[in-house]
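Working notes, structure below.
Only the coordinates and a few stated rules stand behind these numbers; no lab work does. Just so you know, these numbers come straight off a predicted model, no measurement behind them. Note: ideal-geometry Cβ built from the backbone for every residue, glycine included; neighbour counts use all protein chains shown.
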Amino acid sequence: MDWNMIGAIGEFSSAIAVLVTLVYLAIQIRNANRFEAVKHLDVHMDRIRQRLLLVAENGDLARIERIASAGGDLSEDDARRWRALANHHILVLRDAWLRARMLGNMPGLQTPTIYLDILAAVLARNVGMRRIWDEMSSESVGVTWSNEFVDYINGKLAKSAE
């Protein structure tokens, strides 16, 4: 065996090692992205669980939510508390949708629109939450929403009203 042959074998081995390293890194990046997506889902679902637990543990908030959900009238203080609860719920689902869009559609995970579907379902059956949505999504409030977000929710609500 001459030195040229040994050099060629060394170069071939190096090329294989680089290829194996690139495949390994691609797998690690994919796994890190999946972990990030799952972590993101857990953070947003934890926020919703915290809200539900808060209402379950606080009889006054439970009363306010029951009255508002049915479309009943609230005192000024109760209406302010309800608005804060409803805003929180809407914004958590909006933030989850935005984060899921940034991550993109990942195999084995829900598509980002699942959050919009959940929000539309809540708004369709909860009169008080729907009132808050109508206030928040109106241009006079000054909250900047993505047209895609508002159009999707309003489209779902229109379909559910039919």
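Here are the numbers:
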quantity: Contact order relative to length of the chain, as percent, for alpha carbon pairs under 8 angstrom and 6 or more apart; calculated: 19
quantity: Among 46-58, 87-99, the order from most to least packed when residues are scored by Cβ within 10 Å on average; calculated: 87-99, 46-58
quantity: Shape metrics for segment 12-61, restricted to C-alpha atoms - Rg then Dmax, Å; calculated: 21.6, 73
quantity: Karplus-derived HN-Hα couplings along segment 147-162 (A = 6.51, B = -1.76, C = 1.60, θ = phi - 60°), whole Hz, x at Gly and Pro; calculated: 4, 4, 4, 5, 4, 5, 4, 5, x, 5, 5, 5, 5, 6, 6, 6
quantity: Helix-only CD estimate at 222 nm, as mean residue ellipticity for the chain, using -39500 (n - 2.57) per DSSP H run (n ≥ 4); calculated: -28500 deg cm²/dmol
